[in-house]
Structures are given as C-alpha cells and as structure tokens.
Amino acid sequence: MSSASVPVMCLLLVALISAAVATKREGFGALAASSWLWVGATAILLVDPLGLAEVSWSAATVAIVGVVAMFAATFMPRGQTLPTGLLHNAWPKVPLAGLLILVSVLVAADLIGILAFRSQIAAATGSSFGQLTMEEVRRAQTSDARGGGIAALLIAANPILACVGIYAAKTGYRWAWLLPVFAVMIALQSPGRLLSVGLVVQAIAFLAYSSVGSFIARTSRKRLIFLSLLTLTAGTLIFNYVGGQLGKNSTASMYFPDYSWPQWTLSPVLYFTGGLPALSVSMDNGISPQEQGGSIFAIVRFAQALGFVATSPNTVGDFVPIPIPFNVFTGFGQIWFDFGIVGVAALSLLLGHVAVTSHRRAMRGAPEWAWVSSSSMVLVLTLPLTYRLFFLDVAVQLIVGFAVFLSLARMGERREATMRAPSRRGAQPIRRPSRRS
C-alpha cells in the first residue's frame, strides 16, 4: 500500500465500523445506508480506476470527522420500541374527498412550478423551451436563469405528491400509483440529476416505511436487499440517462479513455468518488471554490429577507482539476469551506440526529416521520456530493411534507373513529402505535 492511499484506508476503516454498528443498532435506516455508501466510495478510491488526484490527509480528516459525527447520533437514547402487535399497514385510510383536494393542490403546484421554470429558461435563452437541448437548459439554469424564485418552491411539492400517491395506494386507492409516475415525469423536466434520482430514492424508502409492520421489522433480509438493488439500479439508470442528455457522460469518456470498468459505471463512479480528490486539490492549494454560507443557504436567505444580509451565496462552486474539471467537494467539504472542522462536526451531527430520530419514529408507524426519514435518506446518500439539509427546496419540503402527512394521518384516524363508533358499541378500538417519541 502506497503512502498516498493511507488516508483513504483510514477513512474506509472508519466508514466500515460506522456501517456495521449503525446497521446493528438501527437496521434499515439512512445512517446505515450512508455509511455503506462511504465504504463503497472509499473502496473504489483505493482501487482508483480513474487515476484521480490523491486524497490528502487534510481532506480525509474532514470526511472522517463528518462520518464519525453522523454515526454518533445512533447512540442517542431510544424512546419506546416497535409495538409487537403492529398491523401490516398501520396507516389509516384517508377520506376520498380530502385526498382528492390535497392531490389537486399538489398537482397544481407541480404544474405551475414546471411551467414557470420552462418560461424562465425560455426568457433567459430567447428560445422556446421545447427547442432547447437539456444541456442548453442546464447552462441557462446555472447562469442567466439561476435562482427560480417561487417556481423552485412550487416544484418542491413534487416529492410530496409522489409519497402522497404511495400513501393513498397502500391504503386502498390503487389509482394513486399514477402519482409517483407523474412526479418522475415532472422531475425529468429539470436537468438536475439529484432531483430525479433523489425522488426515486425517497419514494422507495417511503414505500418501505408504508409496510413497516411486516416489510421491515419481520421479514428476511432478502426484501431489503431487493429494495437496495432496486434503488441502485433505478438511480444509476436515471443518473446515466440525464448525464447523457447533458453531455457529461461523453465528456467523462474523453478524460478517461482508458477506463476499463463497464462504461455505465463511469459517471456514477466519478461523481461519488471525485469529491474527496477535489476537496484535496482545493485545500492543498488554498482555494475556496464556494461562496460563504452555501451549506446553510436557507438560513442565509431568511436573514436576507429580514434585511440582515445583502445577498445570498451562489451554490454552484468553481472548478478544480482532478484531472477533469470538477466542482463537487463532498457535503463535508462544503461545510468545511464555511465553518471549518467544528462546523463539519456540528452540522453532520445535526443531520445524523434528524436521520436517526425520524427513522425511529417512522418505525413506530407515523407517516409524517416516514416522510422526514425518507427525505433524510436522500440527504445522507448525497453527502459524497453536497450537504443539502439547508437548501431552500429541502427546507420547504421537510416542513410542508411533515404537515401534509400529519394531516393525512389525522383525517384517516377521524374517519376510522367515525366508522367504528356507531356500529360497534362493544368492539375494542384498534390500537395503533403512538407517533410520540
């Protein structure tokens, strides 16, 4: 083993220990999935099929601190355990009228948001949206049409719509399976790969929680392995499809003509392993490629709205050679540029706390916490690229989605109480798991 690979080997060891313990303590959960992803990414970095820039001790230390801080959240005290009598589907069925009103609002928000997005791109380019390639749309999105205003927040309703569809379908409304399909079609309108891949990951995680009583807690590992493979396959297909439309796959092939692994792995391997080499290049050369405050963008925007801050940061970083020009520096690196190593520990622990708390409560059958936990799954799995907890769309999704699914659960409980009360005087009410911690 060369001296250059020692920092990566240390990170791999830390990630492996974190993954094993998190899996043992939490089972199916975001932190375990994230830790195993770091195991895979660092193992690939050791093999180094792309010949990327060396990972320095400074960059590896930032990642180690981040992984350990997230992992520490698994040692938080536990509340009540999973009830032994949990039903196969613990989520109550929502009245059709209330469901249709909610779906109509979410679909309208989606359509208004995507139409505003298309109009904004067309105005910035001077061309009809339908005449533009996805590469041209992305170029406009990161330059003249950057931001998006209220349109971006309306599109944030898209994952909520997909998971509302899953909730409804799992409680008896089979037509609602069309809603996640519609949501994927909306997500693919944007050239941002994280939007569409993240939607698929979140929908699969939410689907798993929808049958928490038997699907996760009591069945064999085969189904969890199936879910993991389904997520990996769907994510890879979408990542490569959008990357091909953007011309990024062909660019990567030009820079790495000797890449010997299957070509469909090139783009995912580059993006999920390139962050640490890019962070190393930046740190070793004293470069700060990202504007201050990007890791807490939503907080900065709120301060700007109150008049405390003049401008909000640009979240698109500068490129550094690894050797391909690259502007992804891992989520831990993004925090480090803003707040140093103490910030890495604090914000990573915060994300770990959100992931662990929401997972434990989702496992008790609470759909609102299943929403937060499935959102956390996306946030921790994209940490090799970026830290998104305080992105504006993510903050809106977490808050609005929590309110939506809490409302669905309450409407469903009232419906069941109404159906039981007049016709079953002597019947014992069905005991459902508490949503309290």
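The values are calculated or read from the model by the stated rules, or taken from the named source; none is laboratory data. What you see is a predicted model; the values in this text were computed from it and never measured. Positions of Cβ are backbone-derived with ideal geometry, glycine not excepted, and every protein chain shown enters the neighbour counts. These area figures cover heavy atoms from the full protein model, side chains too; ligands, DNA and RNA do not enter into them. Shrake-Rupley method; radii C 1.70, N 1.55, O 1.52, S 1.80 Å.
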- Calculate how steeply helix 221-246 sits against the longest principal axis of the alpha-carbon atoms of the chain, using the helix alpha-carbon long axis, and give the answer as 0 to 90 degrees to the nearest 10. 50
- What's the center-to-center distance, using Cα atoms, between the range 252-329 and the range 382-418 in Å? 28
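What part of the accessible area of the range 277-408, given as a whole %, is carbon or sulfur when the probe is 1.4 angstrom? Numbers along the way, then the final one.
Numbers: 3150 of 4630 Å².
Heavy-atom surface of the range 277-408 belonging to carbon and sulfur, 1.4 Å probe: 68 percent.
Taking the Cβ of V8 as the centre, find all other residues whose Cβ is under 11 Å away and add up their charges (Lys, Arg: +1; Asp, Glu: -1). All intermediate terms of the calculation are to be shown ahead of the outcome.
Details: positive: none; negative: D48, E54.
Once all neighbours under 11 Å are counted, the net charge is -2.
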- Degrees between helix 367-381 axis and first principal axis of the chain (Cα, 0 to 90, nearest 10): 10
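Order D48, D338, most accessible first, counting only protein heavy atoms with a 1.4 angstrom probe.
So the residues, ranked largest to smallest area, are D48, D338.
When ligands, DNA and RNA are left out and all protein chains stay put, how many square angstrom of accessible area per residue does the chain have with a 1.4 Å probe?
Values: 19690 Å² over 437 residues.
Per-residue accessible area for the chain comes out at 45 Å².
Net charge near R78, counting Lys/Arg +1 and Asp/Glu -1 over other residues with Cβ under 12 Å of its Cβ? Intermediate results must be reported in sequence, preceding the final value.
Values: positive: R25, R360, R361, R364; negative: E26.
That works out to +3.
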- Note on the structure: If one compares the long axis through the Cα atoms of helix 330-362 with the longest principal axis of the Cα atoms of the chain, the angle in degrees, nearest 10, works out at 20
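Dipole of the chain, Cα-centred, from +1 at each Lys and Arg C-beta and -1 at each Asp and Glu C-beta, to the nearest 20 debye? Write down the numbers at each step before the final one.
Numbers: 31 positive and 16 negative charges, 549 e Å.
About 2640 debye.
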- Message: Let me make sure I get this right: for the range 241-384, a, b and c are the square roots of the gyration tensor eigenvalues over alpha carbons, sorted descending. Under 1.5 in a/c it's rounded, otherwise prolate if a/b > b/c, else oblate. Which is it?
- Response: oblate
- Query: Accessible surface of C163 in the full protein assembly, 1.4 angstrom probe, to the nearest 10 Å²?
  - Reply: 0
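May I ask you to rank R361, R78, R138, R388 by accessible area, largest first, using a 1.4 Å probe over the protein chains only? Please report the intermediate quantities before stating the final value.
Numbers: R361 55, R78 120, R138 75, R388 25 Å².
Heavy-atom accessible area, descending, gives R78, R138, R361, R388.
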- Note on the structure: Rounded to the nearest 10 Å², the 1.4 Å probe accessible area of L50 is 20
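When ranked by the protection proxy of mean other Cβ atoms within 10 Å per residue, highest first, what sequence do the peptides 103-110, 254-261 form?
Result, highest mean Cβ count within 10 Å first: 103-110, 254-261.
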- Task: Provide the solvent-accessible area of L194, counting protein heavy atoms only and rolling a 1.4 Å probe, rounded to the nearest 10 Å².
- Result: 50
